[in-house]
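Peer 1: Pasting a structure here, questions to come.
Coordinate-derived values only; no laboratory data. The shown structure was predicted, so the numbers you read here are calculated from the model rather than taken from an experiment. As a convention, Cβ positions derive from the backbone with ideal geometry for all residues, glycine included, and neighbour counts pool all protein chains shown.
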Amino acid sequence: MAHAEAATGAPRTRDADVVVIGAGAAGLMCAIVAGARGRRVRVLDHANKVGKKILMSGGGRCNFTNTGTTPHNYLSANPHFCKSALARYTPADFIDMVERHRIAWHEKELGQLFCDESSKLIVRMLLEEAAAVDAQVHTHCGVDAIEHVGERHFRLRTALGVVECGALVIATGGLSIPSMGASGFGYAVARQFGHEVLATRAGLVPLTLSGKHLERLQDLSGVACEVEAHCNGTSFRNRMLFTHRGISGPAILQISSYWQPGDDLRLDLLPALDVPAWLAQQQRGRPDAALRSVLADVLPRRFAQRLCELWLPDRPMKQLSPAQLREVAATLAGWPLVASGTEGYRTAEVTIGGVDTDGLSSSTMMSRRVPGLYFVGEVVDVTGWLGGYNFQWAWASGHAAGTAV
């Protein structure tokens, strides 16, 4: 079949070697790899269409991988867990599939690969690959109950009726973007079978401000500049955007995964400059210019003005003493931003935390507690940076399970 089909018909028992719950990136990859090994595969998804996150990714062009992927680009309670799967299915492997389907792509920045046209082409490719190996994909197919009825034998009560299988793969994603159907189903299954689920929180998410911190910056909504965000020993250099609720942009989304309420967050507002040397040069060359005017040459004018109203001395350069210049440089290099929280799962791109990797095999993604039960993709406690890394984890973990089920 070349497309997903909805679950229809009267309840009846259907058998499969492998059932994958979740028709997203990881689930479809697992189905493709397992089907290519001759396994009879069914993919079940409660949503009305497959790959919703794929479709919305990258502004509709799908940032489908990152050529610079390494284990360093992932957060997990066990930072070594992702190494095996990532090593065995690389960005080059996925690019090969993309090119076999003649999907044009380009590198945007920092190794991020996007479709030239539409993310729909990636979903179509995955469904065509699944069809080629006779993996059956069913939408509108919720799963009401799962029983473990024997060694490598599962019975599922679904919208298709009763489905029995020898291997069960949970690829249901995390809690991010509930408007697209995200739920805690995968975590509930993990707990049902005795797995630990580590605390979850929103990742790759805009930060919110409150009180005086919001009042000071809210009217800058829409203003953007390049910054280097620092928190808990980690830093990211990219764009920051002021919003009506706080701050966003790639640098902020990245650092949000390392920040929690109460943590110190600092922004280098001029990461491309040697700020002390630049300020000294400006003082010599433009002694009568106000600091706000000098800063407006390298920062958005409205932001430069606000900085000088609230954080920096608003006076001509010639009136700034060497000590004051050092203070200005220090503030610009480590501007303190007091965030109150995040926008939450509503706008988060990923969920941090999830099924504890201590209970899984890093080479196959299979449960160490229940033979034949697998967890792949975002439901697992492996979270990538912004920029295609989470898709690469989905492809790699799905491939790892697909080779083993």
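Peer 1: Highest first, please rank the peptides 40-48, 64-72, 376-384 by the mean number of other Cβ atoms sitting within 10 Å of their residues.
Peer 2: Descending packing order for the listed peptides: 376-384, 40-48, 64-72.
Peer 1: Further question on the same structure: Please say if the chain is rounded, prolate or oblate, where rounded means a/c under 1.5 for a ≥ b ≥ c the square roots of the C-alpha gyration tensor eigenvalues, and otherwise the choice is prolate for a/b larger than b/c and oblate otherwise?
Peer 2: prolate
Peer 1: Between Gln319 and Met56, what FRET efficiency comes out of the Förster formula 1/(1 + (r/R0)^6) with R0 = 56 Å and r the beta carbon distance, rounded to 0.05?
Peer 2: Computed FRET efficiency for Met56 and Gln319: 0.60.
Peer 1: With the crude spin-label approximation of a point 7 Å out along Cα→Cβ, what separation in nm comes out for Ser340 versus Thr234?
Peer 2: Reported label-point gap for Ser340 and Thr234 is 2.5 nm.
Peer 1: Quick check: pseudo-label points 7 Å beyond the Cα along Cα→Cβ at Arg284 and Arg155, how many nm apart are they?
Peer 2: 8.5
Peer 1: Let me ask something else. Quick one: dipole size for the range 33-97, taken about the Cα centre, charges +1 on Lys/Arg Cβ and -1 on Asp/Glu Cβ, in debye to the nearest 20.
Peer 2: 320
Peer 1: Between Ala280, Ile352, Met365, whose Cα lies farthest towards the positive end of the dipole of the range 261-368 when Lys and Arg beta carbons carry +1 and Asp and Glu beta carbons carry -1, centred on the Cα centre?
Peer 2: Farthest along the dipole direction, towards plus: Ala280.
Peer 1: Any lysines with Cα under 26 Å of the Lys49 Cα? List them, leaving off those in the same chain fewer than 8 positions away.
Peer 2: Lys120
Peer 1: Out of the DSSP beta bridges found with both residues in the chain, what percent are antiparallel (nearest 5)?
Peer 2: So the antiparallel bridges in the chain amount to around 70 percent.
Peer 1: Shifting gears a bit: Counting alpha carbon pairs within less than 8 Å and at least 6 residues apart, what relative contact order, in whole percent, applies to the chain?
Peer 2: 26
Peer 1: Another question, if that's okay. Describe numerically, in nm with one decimal, the distance between label points set 7 Å from Cα along Cα→Cβ at Glu99 and at His148.
Peer 2: Result for the modelled spin labels: 4.3 nm.
Peer 1: At 0.36 nm per residue, and after removing the present C-alpha to C-alpha distance, how many nm does the segment from His213 to Thr70 gain when stretched out fully?
Peer 2: Residue separation times 0.36 nm, minus the Cα-Cα distance, leaves 47.8 nm.
Peer 1: Subtract the Cα-Cα distance of His244 and Ser363 from 0.36 nm times their separation in residues, and report this length gain in nm to one decimal.
Peer 2: That pair, His244 and Ser363, stretches by 38.4 nm at full extension.
Peer 1: About the Cα centre of the chain, how large is the charge dipole given +1 on each Lys and Arg Cβ and -1 on each Asp and Glu Cβ? Please answer in debye to the nearest 20.
Peer 2: About 360 debye.
Peer 1: Per 0.36 nm of contour for each residue apart, how much would the distance between Asp297 and Asp116 grow if the chain were fully extended, relative to their Cα-Cα spacing?
Peer 2: That works out to 61.7 nm of additional length.
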